[in-house]
Amino acid sequence: MQNISLNIEGVRSLLTEDEINSFTEKVSDIHNSMIKRTGRGAEFLGWLNLPSSIPEYSIRDIKETALKIRANSDTIVVVGIGGSYLGARAVIEALTSSLPSVNGNPAVLYAGNNISEDYFSELLGVLDKMSYSIIVISKYGTTTEPAIAFRLLRNHIEKKYGKEEAKSRIYSITDKEKGALKKLSDEEGYTTFVIPDDVGGRFSVLTPVGLLPIACTGIDIEELINGAADMETLLNDDQEIEKNISNLYAVIRNLLYEKGKAIEIMAAYTPKLQYLIEWWKQLYGESEGKNGKGIFPAGVIYTTDLHSMGQMVQDGVRNIFETVLNVQSEKGIVTIPEDPNDLDGLNYIAGKRLSDVNAKAIKGTMMAHLDGGVPNLVINIPELSPYYIGQLIFFFERACAVSAYLLGVNPFDQPGVEAYKKNMFKLLGKP
């Protein structure tokens, strides 16, 4: 079976082998510190061996609960913010239909990631007509956005179904022993799953935080875990930079940063990967953006954004590099038809699959951007499947930790997130 791979030909003109290999000792030290749990933030390294250590009974419990939710709900509302929902949404949107579901799986809606009154008014109006369940995800239950959302939704679901039935439609994923959500879950008797103490939110896709919502859509979570576990093995087997794609990606990012490339644009040529990019942005933004340092993570969906951001990428300030998510095989087959009049001038590509045209767009865009002074990396993904998305998730997680350590920051804290909260609470008059 193939694995995801990293192509670095688009940065060869900027970086030498000696520059890459100069990081060998640093990368080795980082690997040893992670394995021995001695580096900064080591108490949050539980994700490092998570794929290979998830118990069978845990997977079984998640799958059985997901079947129960699917049986009595046509809609699921996932309540969470940041890592409490982005990982699940990334996987769900990559692996399910891009259009409204017609395959019998519940629709998944999201709340707690904003405090827009219009959004909640529309959401509650929709839920009036739906048979739904809630999955609320919060370590302690007091983060403002999801706490407000859950209060609104709990009030709605209790009025809609009555308090007793509502209890059977609310599922919480929270701390194992403390916090407001844990206390409420115990008092009300909600079915509850645990967020591990040693796994931070943005690394939590392969815990119940991500796995329960994902399983509710019919995605094979065992294949997702298998892909991540195989990538875990691959990345642990050989720490030589050129042979270990997470080390290689981390080193190249830091070398480009040293050369003034302070913005990384993650690009995909399918809208299915939009939320994978959003998850990646949070993972790297919160892990690296500290102490006046950090590569700014941005995202685009091509070819759509070539007609909006393309000019900036091609001719703007040369402080960017690009990483392309290249899906090598698409499942759908759509062929461009012949037209006898050929008024649009497209008969020269009649008979070609859309994926063939997209592949040439990828190659042509990368050539243009490289000529324009934008180095690029390519992450090749054999196909969009649970197995390969699992590989991709673990690859990005491990590379993120190595990259942040190379940058000289703690990958696992986020002190800057608290600044806006203090001002908001003061303005709201919080006691």
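Brief remarks follow.
- Length gained on full extension, Val357 to Phe296, computed as 0.36 nm times the residue gap minus the Cα-Cα distance: 18.9 nm.
- Report note on the peptides 70-83, 178-191: ranked by the mean count of other C-beta atoms within 10 Å, highest first, their order is 70-83, 178-191.
- Across all C-alpha atoms in region 1-137, the radius of gyration and Dmax reach 21.6, 63 Å.
- Extension gain from Lys36 to Ser98, taking 0.36 nm per residue of separation minus the Cα-Cα distance: 18.1 nm
- Result for the chain in a Gaussian network model with C-alpha springs under 10 Å: among Thr144, Thr207, Thr16, the largest mean-square fluctuation is at Thr16.
- If R0 is taken as 35 Å, the Cβ-Cβ distance between Val194 and Glu242 corresponds to a FRET efficiency of 0.35.
- DSSP bridge orientation in region 225-345 - percent antiparallel, rounded to nearest 5: 0
- Candidate aspartates and glutamates - alpha carbon under 12 Å from Lys261, same-chain residues fewer than 8 apart omitted: Glu322
- Taking the C-alpha atoms only, the angle from helix 274-288 to the longest principal axis of the chain is near 90 degrees.
- Packing order of peptides 370-381, 271-282, highest average first: 271-282, 370-381 (average count of other Cβ atoms within 10 Å over each peptide's residues).
- Of the residues Ser308, Ser287, the one with the largest accessible area comes first in the ranking Ser308, Ser287, computed with a 1.4 Å probe on protein heavy atoms.
- Label zone at Ser5, where the point sits 7 Å out along the Cα-to-Cβ direction: region 372-392 residues whose backbone N lies under 14 Å: 378-383
- Per-residue ellipticity at 222 nm computed for the chain from its helices equals -15000 deg cm²/dmol, with DSSP H segments shorter than 4 residues left out and the rest contributing -39,500 (n - 2.57).
- Cα centroid of region 260-317 to Cα centroid of region 382-406, whole Å: 16
- Put Arg253, Arg151, Arg37 in order of accessible area, highest first, and with a 1.4 Å probe you get Arg151, Arg37, Arg253.
- For the peptides 255-267, 108-120, 412-424, the ranking by mean Cβ contacts within 10 Å, running from highest to lowest, is 255-267, 108-120, 412-424.
- Checked against a 21 Å cut-off, the cross-linked pairs Lys182/Lys290; Lys68/Lys183; Lys129/Lys182; Lys272/Lys360 give Cα-Cα distances beyond that limit for Lys182/Lys290; Lys68/Lys183; Lys129/Lys182.
- Alpha carbon convex hull of the chain, projected area averaged over orientations, nm²: 23.7
- Antiparallel content of DSSP bridges confined to the chain, in %, to 5: 10
- Region 232-246 residues near the modelled Glu17 label - backbone nitrogen below 12 Å, point 7 Å along Cα→Cβ: 242
- Here r is the Cβ-Cβ distance between Ser58 and Ser168 and R0 is 22 Å; the resulting FRET efficiency, rounded to 0.05, is 0.55.
- Gain on full stretching of the segment that runs from Glu338 to Thr233 - 0.36 nm per residue minus C-alpha separation: 33.0 nm
- Cα-based helix-to-principal-axis angle, 86-95 vs the chain, degrees rounded to 10: 70
The values are calculated or read from the model by the stated rules, or taken from the named source; none is laboratory data. Computed from a prediction, not measured in an experiment: that's the story for all the values here. Cβ sites come from the backbone with ideal geometry, for glycine too, and all protein chains shown count toward neighbours. Keep in mind that these areas ignore ligands, DNA and RNA; they rest on the heavy atoms of the full protein, side chains included. Shrake-Rupley method; radii C 1.70, N 1.55, O 1.52, S 1.80 Å.
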